[in-house]
Amino acid sequence: NAGVMQNPRHLVRRRGQEARLRCSPMKGHSHVYWYRQLPEEGLKFMVYLQKENIIDESGMPKERFSAEFPKEGPSILRIQQVVRGDSAAYFCASSQTDGLNTEAFFGQGTRLTVV
Amino acid sequence: DQQVKQNSPSLSVQEGRISILNCDYTNSMFDYFLWYKKYPAEGPTFLISISSIKDKNEDGRFTVFLNKSAKHLSLHIVPSQPGDSAVYFCAAISAGGTSYGKLTFGQGTILTVHP
(Lines give C-alpha, C1' and ligand atoms only; values in the text may rest on other atoms or scores of the structure.)
Protein backbone atom coordinates (compact mmCIF):
# COMPACT_ATOMS: atom_id res chain seq x y z
CA ASN A 1 0.00 0.00 0.00
CA ALA A 2 1.81 3.06 -1.23
CA GLY A 3 1.93 6.04 1.06
CA VAL A 4 1.01 9.60 0.19
CA MET A 5 2.78 10.47 -3.04
CA GLN A 6 3.76 14.00 -3.88
CA ASN A 7 5.37 15.19 -7.06
CA PRO A 8 7.54 16.74 -8.03
CA ARG A 9 9.89 16.50 -5.04
CA HIS A 10 11.67 19.65 -6.14
CA LEU A 11 10.30 22.43 -8.31
CA VAL A 12 12.11 25.54 -9.49
CA ARG A 13 10.11 28.37 -10.98
CA ARG A 14 10.95 31.87 -12.11
CA ARG A 15 9.00 34.77 -10.66
CA GLY A 16 5.68 35.13 -12.46
CA GLN A 17 5.41 31.49 -13.55
CA GLU A 18 2.86 28.99 -12.33
CA ALA A 19 3.59 26.13 -9.95
CA ARG A 20 1.51 22.96 -9.84
CA LEU A 21 2.01 20.58 -6.96
CA ARG A 22 0.40 17.15 -7.01
CA CYS A 23 -0.66 14.88 -4.21
CA SER A 24 -2.00 11.35 -4.50
CA PRO A 25 -3.47 10.28 -1.16
CA MET A 26 -3.10 6.85 0.30
CA LYS A 27 -5.42 4.24 -1.16
CA GLY A 28 -8.82 4.49 0.44
CA HIS A 29 -8.23 7.99 1.79
CA SER A 30 -10.67 10.66 0.68
CA HIS A 31 -9.51 13.53 2.90
CA VAL A 32 -6.56 15.66 1.83
CA TYR A 33 -4.81 18.47 3.67
CA TRP A 34 -2.13 20.82 2.38
CA TYR A 35 0.44 22.42 4.68
CA ARG A 36 3.28 24.83 4.01
CA GLN A 37 6.55 25.02 5.89
CA LEU A 38 8.47 28.24 5.47
CA PRO A 39 12.18 28.31 6.39
CA GLU A 40 12.71 28.26 10.17
CA GLU A 41 8.99 27.81 10.83
CA GLY A 42 6.59 25.01 11.63
CA LEU A 43 3.96 23.65 9.30
CA LYS A 44 1.00 25.91 8.60
CA PHE A 45 -2.38 24.60 7.51
CA MET A 46 -3.49 25.81 4.10
CA VAL A 47 -6.53 23.88 2.91
CA TYR A 48 -8.64 20.79 3.60
CA LEU A 49 -10.39 19.02 0.76
CA GLN A 50 -12.60 16.04 0.21
CA LYS A 51 -13.36 14.65 -3.21
CA GLU A 52 -14.68 17.52 -5.35
CA ASN A 53 -15.16 19.76 -2.29
CA ILE A 54 -13.12 22.38 -0.51
CA ILE A 55 -14.05 22.07 3.15
CA ASP A 56 -11.76 24.61 4.77
CA GLU A 57 -9.45 27.00 2.95
CA SER A 58 -8.89 29.37 5.85
CA GLY A 59 -5.11 29.02 5.57
CA MET A 60 -4.87 29.78 1.87
CA PRO A 61 -3.62 33.19 0.74
CA LYS A 62 -6.51 35.05 -0.83
CA GLU A 63 -4.81 35.55 -4.17
CA ARG A 64 -2.84 33.37 -6.56
CA PHE A 65 -3.37 30.13 -4.62
CA SER A 66 -6.00 27.51 -5.43
CA ALA A 67 -6.54 23.84 -4.67
CA GLU A 68 -8.67 21.07 -6.03
CA PHE A 69 -9.29 17.40 -5.40
CA PRO A 70 -11.19 16.03 -8.39
CA LYS A 71 -13.24 12.87 -8.45
CA GLU A 72 -10.46 11.17 -10.38
CA GLY A 73 -6.79 11.92 -10.07
CA PRO A 74 -4.56 13.64 -7.56
CA SER A 75 -5.16 16.74 -5.54
CA ILE A 76 -3.52 19.81 -7.08
CA LEU A 77 -2.20 22.88 -5.31
CA ARG A 78 -1.77 25.63 -7.87
CA ILE A 79 0.19 28.82 -7.33
CA GLN A 80 -0.09 31.42 -10.05
CA GLN A 81 2.46 34.18 -10.70
CA VAL A 82 4.86 32.86 -8.07
CA VAL A 83 6.96 35.27 -6.00
CA ARG A 84 10.12 34.60 -3.98
CA GLY A 85 8.09 34.48 -0.77
CA ASP A 86 6.31 31.37 -2.06
CA SER A 87 9.56 29.40 -1.73
CA ALA A 88 8.81 26.76 0.86
CA ALA A 89 8.20 23.08 1.42
CA TYR A 90 4.62 22.08 0.69
CA PHE A 91 3.31 18.96 2.38
CA CYS A 92 0.19 17.02 1.64
CA ALA A 93 -1.46 14.72 4.17
CA SER A 94 -4.33 12.31 3.77
CA SER A 95 -6.64 10.52 6.14
CA GLN A 96 -9.31 7.90 5.83
CA THR A 97 -11.98 9.85 7.67
CA ASP A 98 -12.29 13.22 9.31
CA GLY A 99 -12.81 11.73 12.71
CA LEU A 100 -11.17 13.33 15.70
CA ASN A 101 -8.83 10.44 16.33
CA THR A 102 -7.84 9.79 12.75
CA GLU A 103 -4.17 9.83 12.00
CA ALA A 104 -3.07 11.80 8.97
CA PHE A 105 -0.23 10.46 6.84
CA PHE A 106 2.13 12.90 5.19
CA GLY A 107 3.86 12.83 1.86
CA GLN A 108 7.53 13.67 1.47
CA GLY A 109 6.75 17.18 0.33
CA THR A 110 7.48 19.36 -2.66
CA ARG A 111 10.22 21.91 -2.25
CA LEU A 112 9.39 24.95 -4.32
CA THR A 113 12.15 27.40 -5.09
CA VAL A 114 11.30 30.64 -6.83
CA VAL A 115 14.24 32.31 -8.53
CA ASP B 1 -1.32 34.07 16.57
CA GLN B 2 0.62 30.97 17.57
CA GLN B 3 -1.94 28.66 19.17
CA VAL B 4 0.55 25.83 19.67
CA LYS B 5 3.96 26.76 20.99
CA GLN B 6 7.17 24.83 21.37
CA ASN B 7 9.37 27.27 23.19
CA SER B 8 12.59 25.26 22.95
CA PRO B 9 13.98 25.41 19.41
CA SER B 10 16.49 22.70 20.22
CA LEU B 11 17.40 20.04 22.78
CA SER B 12 20.60 18.07 23.16
CA VAL B 13 20.64 14.81 25.12
CA GLN B 14 23.12 12.01 25.79
CA GLU B 15 22.27 8.56 24.47
CA GLY B 16 20.46 6.48 27.08
CA ARG B 17 19.12 9.50 28.94
CA ILE B 18 15.59 10.87 28.89
CA SER B 19 14.49 13.46 26.33
CA ILE B 20 11.64 15.73 27.35
CA LEU B 21 10.01 17.88 24.70
CA ASN B 22 7.45 20.44 25.77
CA CYS B 23 4.46 22.03 24.11
CA ASP B 24 1.94 24.64 25.23
CA TYR B 25 -1.34 25.59 23.64
CA THR B 26 -3.78 28.43 24.03
CA ASN B 27 -6.96 27.22 22.31
CA SER B 28 -9.24 25.51 24.82
CA MET B 29 -11.15 23.91 21.93
CA PHE B 30 -8.23 21.62 21.16
CA ASP B 31 -9.30 18.12 22.00
CA TYR B 32 -6.68 15.83 20.54
CA PHE B 33 -2.94 16.15 20.48
CA LEU B 34 -0.28 14.50 18.38
CA TRP B 35 3.47 14.37 18.10
CA TYR B 36 5.15 14.07 14.72
CA LYS B 37 8.78 13.37 13.97
CA LYS B 38 10.47 14.78 10.91
CA TYR B 39 13.79 14.02 9.28
CA PRO B 40 15.34 16.48 6.81
CA ALA B 41 13.87 16.28 3.30
CA GLU B 42 11.08 13.98 4.47
CA GLY B 43 7.48 14.46 5.50
CA PRO B 44 6.41 14.32 9.13
CA THR B 45 5.65 10.86 10.50
CA PHE B 46 3.15 10.23 13.24
CA LEU B 47 4.64 9.23 16.57
CA ILE B 48 2.05 9.21 19.33
CA SER B 49 -1.20 10.92 20.24
CA ILE B 50 -3.39 11.63 23.24
CA SER B 51 -7.03 12.49 23.68
CA SER B 52 -8.04 15.23 26.08
CA ILE B 53 -9.90 12.69 28.23
CA LYS B 54 -6.57 11.12 29.16
CA ASP B 55 -3.52 12.49 30.90
CA LYS B 56 -1.00 9.92 29.74
CA ASN B 57 -0.41 7.65 26.78
CA GLU B 58 2.52 5.31 26.43
CA ASP B 59 3.93 3.50 23.41
CA GLY B 60 7.24 1.75 23.92
CA ARG B 61 9.94 4.33 24.62
CA PHE B 62 7.54 7.21 23.99
CA THR B 63 5.14 8.65 26.55
CA VAL B 64 2.99 11.73 26.13
CA PHE B 65 1.63 13.57 29.15
CA LEU B 66 -1.23 16.04 29.01
CA ASN B 67 -2.03 18.66 31.65
CA LYS B 68 -5.30 20.21 30.49
CA SER B 69 -5.52 22.78 33.26
CA ALA B 70 -2.08 24.10 32.35
CA LYS B 71 -2.68 23.63 28.61
CA HIS B 72 0.61 21.82 28.45
CA LEU B 73 1.80 18.56 27.02
CA SER B 74 5.14 16.86 26.91
CA LEU B 75 6.77 13.99 25.09
CA HIS B 76 9.19 11.77 26.99
CA ILE B 77 11.60 9.52 25.15
CA VAL B 78 13.46 7.06 27.30
CA PRO B 79 16.03 5.80 26.70
CA SER B 80 17.02 8.23 23.96
CA GLN B 81 18.85 6.82 20.94
CA PRO B 82 20.92 8.58 18.25
CA GLY B 83 18.28 7.58 15.69
CA ASP B 84 15.79 9.73 17.57
CA SER B 85 17.63 12.82 16.38
CA ALA B 86 15.07 14.73 14.32
CA VAL B 87 12.66 17.65 14.48
CA TYR B 88 9.65 16.99 16.70
CA PHE B 89 6.40 18.78 16.08
CA CYS B 90 3.55 19.04 18.51
CA ALA B 91 0.13 19.33 16.85
CA ALA B 92 -3.44 19.78 18.01
CA ILE B 93 -6.90 19.21 16.59
CA SER B 94 -9.97 21.22 17.48
CA ALA B 95 -13.17 19.35 18.22
CA GLY B 96 -15.23 22.29 17.05
CA GLY B 97 -15.66 23.64 13.56
CA THR B 98 -15.90 21.71 10.32
CA SER B 99 -12.36 20.42 9.96
CA TYR B 100 -11.84 17.74 12.53
CA GLY B 101 -8.61 16.56 11.00
CA LYS B 102 -7.05 19.99 10.61
CA LEU B 103 -3.75 20.06 12.48
CA THR B 104 -2.33 23.15 14.15
CA PHE B 105 1.42 22.70 14.54
CA GLY B 106 4.00 24.12 16.87
CA GLN B 107 7.26 25.48 15.49
CA GLY B 108 9.16 22.30 16.19
CA THR B 109 12.05 21.30 18.45
CA ILE B 110 15.29 19.92 17.03
CA LEU B 111 16.37 16.95 19.15
CA THR B 112 19.97 15.82 18.96
CA VAL B 113 20.94 12.62 20.77
CA HIS B 114 24.70 12.25 21.19
CA PRO B 115 26.28 8.77 21.29
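The values are calculated or read from the model by the stated rules, or taken from the named source; none is laboratory data. All values derive from a computational prediction rather than experimental measurement. No Cβ is skipped: glycine too gets one built from the backbone with ideal geometry, and neighbour counts run over all protein chains shown. Remember, those area values only see protein heavy atoms, side chains included, never the ligands or the DNA or RNA. Shrake-Rupley method; radii C 1.70, N 1.55, O 1.52, S 1.80 Å.
For chain A, the Kirkwood estimate of hydrodynamic radius, built from reciprocal distances between every pair of different alpha carbons, is 14.1 Å.
Of the whole protein surface, A:E52 contributes about 130 Å² of accessible area at a 1.4 Å probe radius. Using the 1.4 Å probe convention, the accessible area of region B:4-114 works out to 44 Å² per residue with neighbouring protein chains retained. Only lysine pairs 8 or more places apart, or on different chains, with alpha-carbon atoms under 21 angstrom apart are counted in the protein assembly as shown, and they number 29. Just checking the listed ones, B:A91, B:A41, B:A70: in the Gaussian network model of chain B with Cα springs under 10 Å, the one fluctuating most is B:A41. By the equivalent-ellipsoid construction on the alpha carbon gyration tensor, the protein assembly as shown comes out with semi-axes of 30, 20, 16 Å, ordered largest to smallest.
Using the Karplus relation 6.51 cos²θ - 1.76 cosθ + 1.60 with θ = phi - 60°, the per-residue 3J(HN,Hα) values for region B:10-26 come to 8, 8, 10, 9, 7, 3, x, 8, 8, 9, 10, 10, 10, 8, 10, 9, 10 Hz, with x marking Gly and Pro. Taking A:K51, A:K71, A:K62 in turn, the Gaussian network model of chain A (Cα-Cα springs below 10 Å) assigns the largest fluctuation to A:K62.
Centroid-to-centroid, using Cα positions, region A:1-77 and region B:1-73 are 25 Å apart. Contact residues in region A:55-104 (at least 40 Å² less accessible area with all protein chains than alone, 1.4 Å probe): A:D98, A:L100, A:N101, A:E103. Shielding of peptide B:33-43 by partners, expressed as the average count of other chain Cβ atoms within 10 Å per residue Cβ, is 4. Counting only heavy atoms of the protein chains and using a 1.4 Å probe, A:R20 has close to 100 Å² of accessible surface. Only protein heavy atoms count here; on that basis, with a 1.4 Å probe, B:T45 has an accessible area of about 70 Å². For the chain pair B and A, the interface hides roughly 1900 square angstrom of accessible area in total, found with a 1.4 Å probe.
Apolar share of the accessible surface for the protein assembly as shown: 48 percent from carbon plus sulfur atoms, 1.4 Å probe. Note on exposure: A:H10, A:H31, B:H114 ranked by accessible area (1.4 Å probe, complete protein assembly) read A:H10, B:H114, A:H31, with the most exposed listed first. Across chain A, the mean sequence separation of Cα contacts (distance under 8 Å, 6 or more residues apart), normalised by length, yields a relative contact order of 37 percent.
Only Cα pairs under 8 Å and at least 6 apart count here; give the relative contact order of chain B as a rounded whole percent.
Relative contact order comes out at 37 percent.
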